[in-house]
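The values are calculated or read from the model by the stated rules, or taken from the named source; none is laboratory data. Remember, predicted model here, so these are calculated numbers, not experimental data. No Cβ is skipped: glycine too gets one built from the backbone with ideal geometry, and neighbour counts run over all protein chains shown.
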Amino acid sequence: MLNSKPCLKLEITDPVASFRAAINENPKNTSHASNSGLSPRATAILAKCWKPDRHLTISFMDQPPAALKEAIKRHIWEWADYVSLTFSFIDSKDGIIRIKTDTAENASQIGTDALTIDANKPTMFIAARPGDLDFRTVVLHEFGHALGLHHEHLHPDANIPWDKPKVYKEYAEKWGMNKKSVDLNIFTPITEQVAITDYDTTSIMHYPVEKELTDGKFEVAMNTEISSKDKKIVAYYYPIDIPDGGSCETP
Ligand SMILES: [Zn+2]
């Protein structure tokens, strides 16, 4: 069974700002964009990686209890071993990544899209709590988005044998999601030309998939670890050995 509310894609209100933020941060984000400049078409195929030597400051927008704050920090730090990016948590509320815990959502902006959000608004939402079975999964997953990762179940080669009517019904009843949201978050493969490894059912970026919602055979457990392929992708974006050598090109 699913635990916390599914992480839903956050709407980009200004695609041009998203595009500009990405190319200003890391020109290699355009590697796969068409040469049509700032057209909406180009923005749809843009990677959103940080520059490999970026220092990401991280703030809490509200005042979570110390235990919650420390638990979130601990799991975010788990990513630090695999990337050239550096992180620090700051006491002020003006970090590049701004976390809101007083929320019902688990969600995050993807990579450089965080730069397009008003400075007084959060870029990441964490509703999960340390007592929840999926707390660590949620924190690792949301920070994966902050590093530029997309949902793995939307991998172009995923081909999950969904029982779509059941999925619509289940997600509507359990999470209040309408058809459009289910289509966007569960059925529509990503189109961004980002670094992609083979489809990875062990990715921390994959939703759990119950076999009751598929052909009865396919299922994906709730992943709790950063997978080896997750590590491979972020190491490609943010190589530790050659900090300036990062690229968003397909490996
Ligand atoms: Zn997500």
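See the values below:
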item	result
Selected residue (criterion: nearest to the ligand (Cβ to nearest atom)) from residues of region 87-104 that are in contact (Cβ under 8 Å) with a residue 40 or more places away in the chain and surrounded by fewer than 18 Cβ atoms within 10 Å (Cβ to Cβ)	ALA104
Test set (1) modelled with pLDDT under 95; (2) crowded, with 18+ Cβ neighbours inside 10 Å - GLY37 fails condition number	(2)
Matching residues, region 86-98, being within 16 Å of GLY144 (Cβ to Cβ) and more than 16 Å from the chain's Cα centre (by Cα)	PHE87
Some residue of region 76-86 being part of a loop (DSSP other than H, G, I, E, B), among the β-branched types (Val, Ile, Thr) and farther than 21 Å from SER18 by Cα	yes
Of all residues in region 125-151 being touching a Lys or Arg at 6+ places or on another chain (Cβ under 7 Å) and farther than 16 Å from TYR207 by Cα, the one that is surrounded by the fewest Cβ atoms within 10 Å (Cβ to Cβ)	ALA127
Of all residues in region 161-184 being surrounded by 19 or more Cβ atoms within 10 Å (Cβ to Cβ) and within 16 Å of the ligand (Cβ to nearest atom), the one that is farthest from LYS28 (Cα to Cα)	TYR171
Any chance SER181 is assigned to a helix (DSSP H, G or I) and under 28 Å from ARG98 (Cβ atoms)	yes
Whichever residue in region 6-34 is at pLDDT below 85 and within 16 Å of the ligand (Cβ to nearest atom) and, among such residues, is farthest from PHE135 (Cα to Cα)	ILE12
GLU249 vs. criteria of a type in the set (Asp, Glu) and at pLDDT 95 or above	no
